[in-house]
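The values are calculated or read from the model by the stated rules, or taken from the named source; none is laboratory data. The structure presented is a predicted model; accordingly, all values stated were derived computationally and were not measured. No Cβ is skipped: glycine too gets one built from the backbone with ideal geometry, and neighbour counts run over all protein chains shown.
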Amino acid sequence: MALVGDLVLILFIAMVFGFVAYKVKFPLVVGYLIGGAGASWFLADFVHIGEVESVAAIGLALLMFTLGLEFSLKRLRSLGEIIILGSLLQIILTIICGIFFFPFFGYDLYNSFFLGAVFSLSSTAVVVKILTDRGEIDSLHGEIAVGWLLVQDLATLPLIVLLPAIGGAMQSGGTLLWSFLSVARAMAVSIFGLIVILLLGRKIIPFLIEKVAQTKIRELLLLSVVLICLAFAYVSNNVGFSFALGAFLGGMVIASTAANHAVFSEVRPLRDIFSIIFFVSLGFLLDPNFLWQNLPLILFLTVMLILGKFLLSSLLVLVLGYHTRVAFFVGVMLTSVGEFAFILGQIGKTQGLIGNETYMLILSITMMSLIISSPLIVGMERIYRIVRGILKRYFTFLVPIFKSFDEQKLDKTLTYSEHAVVLGHGRVGKYISHALFSSGIEYVVVDYNNHIIKNLRKSGIAVIYGDPSEIDVLKAANVDKAKVVVIAIPDRFATEVIISHCLSLNPNIIIICRTHHEEDQNKLKELGVEVLIQPEFEAALSITGKLLKLYNLNLPYIEDRIATLKKEHGF
């Protein structure tokens, strides 16, 4: 009964602090961690943390299991070499920086290596949630950041194998060659073991899951899925791998079956409950005395880590050929330390690779970074403009350096007038551009994706490389002489700035704009947008027209119904 009491208390803490986190627009995981850490000050004597950790381990297994279910080599290939190269370089360079940085604070070589590896990962859950809320998941910086984070998540798997192998080799006190051979042997055995597990799993597990799925009994499907998840985790843990890695492999095996989506829908509620217990219990594990006694050091290291990850990620994005705006946004989104830091830290502690002090430091810095980075990501547009203004005013010597990345490029001097200006050449802008090209209408494309610009230039299209929200870029596109501007970028905050600049250059210009948010309609109209498109609503109108035709309703009636829907919607 003691465990039941512990779970009731933990779930109550999760509900209260999760609700508070939601209200202040923080990630829920931050609320769970703070709730657990805060409760540990007062309730540590009332919770049997050893029993709770056993339940939390199930949450960890289910978390890794669902990650395996969503794993897709096809999606990884679609990210492109640039994202894969950039993310791997960022992980390696962060580890190297950790090896040189943490010894100044009294950590030995292995602990410094471990901390660098753990802190090289960023929070996928936090970034995806914020980008989705802002409607920027399909933006250029959104796609780069999400792709980057996916590669980081996948890098967790070799780290789960490598960190214990390297730790064991270094603790044995052998020669450098012997240590290298030990690590290589561990990797070879691990790879061989993984291949055996996957081959056996791909032959047996899919057959069993599909047979169970054919019964159409949800209880049996859920039971078999949880059994496979925990069995893979248990076997993996007992043959020298980690509990978390085994669970991931179980999910990866089931991902190849036809029932993978049904499996995910069944296991997700269980995963959510148990993973919440996992994160709250991690908060309980945070020693309040350690946090209080080391608060200045923790805050300093957190700030240094955020600045270091931001600078490193931003520079890599710049070097890989992207605009400073994109580099800044991606850098901000990668400043946090990810949820997998908790997992790696727990593995390191349970296997005796790191001491309790190092583990507490990981918990403390990860939690602090999530708390600090969340508002930074939410306000990154405003922060970018403030930083850009400060650089232009007080650090003028840096302006030419950034201009070399953001230089406006034209094949020829524009002489267009009464032309169209298409801002953004992504999923929407490329179709608009194609229609203008095939219709023989003069137009200019503005985008800050250098790779798109290069392809357009080869096609002989007038293009400008630059940030559409910069007034100098709009001047270069001859907005003052244009007939219409099409805003085809998904950035809702930059859109307002673009509208203001366009109307200041040309008060008579026609502005066509898209928005994904109904609450933005009146505001954009008041700013001066003449034609407003909401993609989801336009899709609904198209479906409605086709649907009514299937019921043989006459065309005037259908047009009247669609007109009524537009009027009710504010269009």
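Any residue that is surrounded by fewer than 21 Cβ atoms within 10 Å (Cβ to Cβ), at pLDDT below 85, assigned by TED's automatic domain parsing to the domain that holds Gly440 and basic (Lys, Arg) - is there at least one of those in segment 388-406? Taking every residue of segment 388-406 in turn, none turns out to be surrounded by fewer than 21 Cβ atoms within 10 Å (Cβ to Cβ), at pLDDT below 85, assigned by TED's automatic domain parsing to the domain that holds Gly440 and basic (Lys, Arg).
Only one of the numbered conditions (1) crowded, with 20+ Cβ neighbours inside 10 Å; (2) closer than 22 Å to Thr156 by Cα; (3) among the aliphatic types (A, V, I, L, M) is violated by Leu312, and that is (1). Take Gly173 and decide whether it is under 30 Å from Lys349 (Cβ atoms) and at pLDDT below 70. So Gly173 passes the test.
Taking (1) within 16 Å of Val30 (Cα to Cα); (2) assigned to a helix (DSSP H, G or I); (3) polar (S, T, N, Q); (4) out of contact with any Asp or Glu (no Cβ under 7 Å at 6 or more places or on another chain) in turn, Ser336 satisfies each apart from (2). Scanning segment 451-494 for residues that are of a type in the set (Lys, Arg) and out of contact with any Ser or Thr (no Cβ under 9 Å at 6 or more places or on another chain) returns Lys454, Arg457, Lys458, Lys475. Taken together, the criteria place Ile471 among residues that are touching a helix residue (DSSP H, G or I) at 6+ places or on another chain (Cβ under 7 Å), within 25 Å of Val326 (Cα to Cα) and not assigned by TED's automatic domain parsing to the domain that holds Gly142. Identify, by number, the condition in (1) within 17 Å of Leu344 (Cβ to Cβ); (2) at pLDDT below 75 that Ala247 doesn't meet. Checking Ala247 against (1) within 17 Å of Leu344 (Cβ to Cβ); (2) at pLDDT below 75, the one that fails is (2). Quick check on my filter: what residues within segment 471-495 are at pLDDT 85 or above and of a type in the set (Asp, Glu)? Correct list: Asp480 only. For Arg325, the conditions (1) within 30 Å of Asn450 (Cα to Cα); (2) surrounded by fewer than 20 Cβ atoms within 10 Å (Cβ to Cβ) are fulfilled apart from (2). Of all residues in segment 72-108 being of a type in the set (A, V, I, L, M), at pLDDT below 90 and not in a loop (DSSP other than H, G, I, E, B), which is surrounded by the fewest Cβ atoms within 10 Å (Cβ to Cβ)? Applying the filter and picking the extreme gives Leu73.
Return the residue satisfying two criteria in turn: it lies in segment 442-455 and is over 29 Å from the mean Cα position of the chain (by Cα) and not hydroxyl-bearing (Ser, Thr, Tyr), and of such residues it is farthest from Arg388 (Cα to Cα). Looking at the filtered set, the residue picked out is Glu442.
For Lys525, the conditions (1) touching a residue at least 12 places away in the same chain (Cβ under 8 Å); (2) touching a Leu at 6+ places or on another chain (Cβ under 7 Å) all hold with the exception of (1).
Please go through segment 282-299 and give me each residue that is surrounded by 13 or more Cβ atoms within 10 Å (Cβ to Cβ) and either part of a helix (DSSP H, G or I) or not aliphatic (A, V, I, L, M) (or both), ordered by number. Break it down into steps so the answer makes sense when it comes.
Filtering segment 282-299 for residues surrounded by 13 or more Cβ atoms within 10 Å (Cβ to Cβ) gives 282-288, 290-291, 294, 297-299.
Residues satisfying the conditions are Leu282, Gly283, Phe284, Leu285, Asp287, Pro288, Phe290, Leu291, Asn294, Leu297, Ile298, Leu299.
From the list Glu538, Glu568, pick out the single residue that is closer than 26 Å to Gly426 by Cβ and either surrounded by 12 or more Cβ atoms within 10 Å (Cβ to Cβ) or of a type in the set (Asp, Glu) (or both).
Glu538
Could you list all residues from segment 449-471 that are over 17 Å from Ser504 (Cα atoms), outside any loop (DSSP other than H, G, I, E, B) and of a type in the set (Val, Ile, Thr)? The answer is Ile452, Ile453, Val463, Ile464. Within segment 421-448, which residues are surrounded by fewer than 18 Cβ atoms within 10 Å (Cβ to Cβ) and either of a type in the set (S, T, N, Q) or assigned to a strand (DSSP E or B) (or both)? Once the filter is applied, which keeps residues that are surrounded by fewer than 18 Cβ atoms within 10 Å (Cβ to Cβ) and either of a type in the set (S, T, N, Q) or assigned to a strand (DSSP E or B) (or both), segment 421-448 yields Ser438, Ser439.
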